[in-house]
1. Output yes when any residue across the range 206-228 is within 21 Å of the chain's Cα centre (by Cα) and modelled with pLDDT under 95, and no when none is.
2. If you go through the range 16-34 one residue at a time, how many are crowded, with 16+ Cβ neighbours inside 10 Å and not in a helix (DSSP H, G or I)?
3. Taking the stated definitions as given, is E206 loosely packed, with under 13 Cβ neighbours inside 10 Å and assigned by TED's automatic domain parsing to the domain that holds G165?
4. Of the numbered conditions (1) of a type outside the set (K, R); (2) crowded, with 18+ Cβ neighbours inside 10 Å; (3) closer than 24 Å to L140 by Cβ, T264 satisfies every one except a single condition; which is it?
5. Within the range 241-261, restricting attention to residues that are part of a helix (DSSP H, G or I) and either over 24 Å from the mean Cα position of the chain (by Cα) or modelled with pLDDT of 95 or more (or both), which residue is surrounded by the fewest Cβ atoms within 10 Å (Cβ to Cβ)?
6. Looking at (1) out of contact with any strand residue (DSSP E or B) (no Cβ under 6 Å at 6 or more places or on another chain); (2) within 30 Å of P38 (Cα to Cα); (3) exposed (fewer than 15 other Cβ atoms within 10 Å of the Cβ); (4) modelled with pLDDT of 95 or more, which is the only condition E121 fails?
7. So if I check each of Y193, Y153, which one is without any contact (Cβ under 8 Å) to a residue 40 or more places away in the chain and hydroxyl-bearing (S, T, Y)?
8. Find the residue count for the range 139-164, including only residues that are surrounded by 18 or more Cβ atoms within 10 Å (Cβ to Cβ), among the β-branched types (V, I, T) and farther than 16 Å from S105 by Cβ.
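The values are calculated or read from the model by the stated rules, or taken from the named source; none is laboratory data. Owing to the predicted nature of the structure, the values given are computational and were not obtained by experimental measurement. Quick reminder, even Gly has a Cβ in these numbers, built from the backbone with ideal geometry, and neighbours come from all protein chains shown.
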Amino acid sequence: MEAVTEHHARALSPSRAADFMACPLLYRFRVVDRLPEPPSAAAARGSLVHAVLDRLFDLPPGHRTLAAATDLVPGEWERLRSADPGLAGLLEEEACGGADELLRSWFALEDPTRLHPAERELYVEADLDGLVIRGYVDRLDEAPDGRLRVVDYKTGRAPSETFEGRALFQLKFYALALWRSRGVMPTRLQLVYLRDRTVLWIDPTEAELLATERKIQALWAAIEQVATTGDWRPRPGRACSWCAHRPVCPAWGGTPPPLPEGATALALDPRSAAG
């Protein structure tokens, strides 16, 4: 197995960090092998709702109504299908079904006529001693006094108290990137769970973000170690029930494909970590 050298890129996103924490082999399948995954109706619906909520803020505040949002659904679905041929196999009823209800839930939680986002779908990036952390923030609100609120929409179920910390790690990741790149610490981090009409939020402290920075650096050290040794082990758990890679997972009697040439470099490639 080739050694990690200085020319290898070093980059991580919250989604790839979550993959590795859940199952190192899943990280390998997605980042190193880049195995295809069939599109799911739930994921497509989530992308659709995110797109509609983004586009809604193109309208003047007084026009940001539930009716306007639902009117955007067909056009945004066609745009997503055009941009991603993999969605062509999903029926419109499968992907769009339930989108109106999720939008209705959002209007019950937030009033878009009173919101003035500073940024939407904001790409953030920061360098942590040579490790680039990056990702996309759904919405960044800025108060007149400069305070920042990071908002992320979720179309799945809200986590139980046991898993709240894991859910908030993504927002702390974004907050750290904003703090390190802009020098301004977000005042509030907010997860909006549309399915359950639940809002989960924290007001991060400097100590919490420094702890997040240490966690990310330790996580990256673990990724580099596994990438160097090639010891990509599965970590069976509840998520296995919906994992697309069970047929090639040794935990389920499968055999992973041979590691591709340059596997270590692929594991650390920033293009793989941008999701």
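1. no
2. Going through the range 16-34 one residue at a time, the tally reaches 2.
3. Yes: the conditions hold for E206.
4. (3)
5. P247
6. All conditions are met except number (1).
7. So the residue among Y193, Y153 that is without any contact (Cβ under 8 Å) to a residue 40 or more places away in the chain and hydroxyl-bearing (S, T, Y) is Y193.
8. Final tally of qualifying residues: 1.
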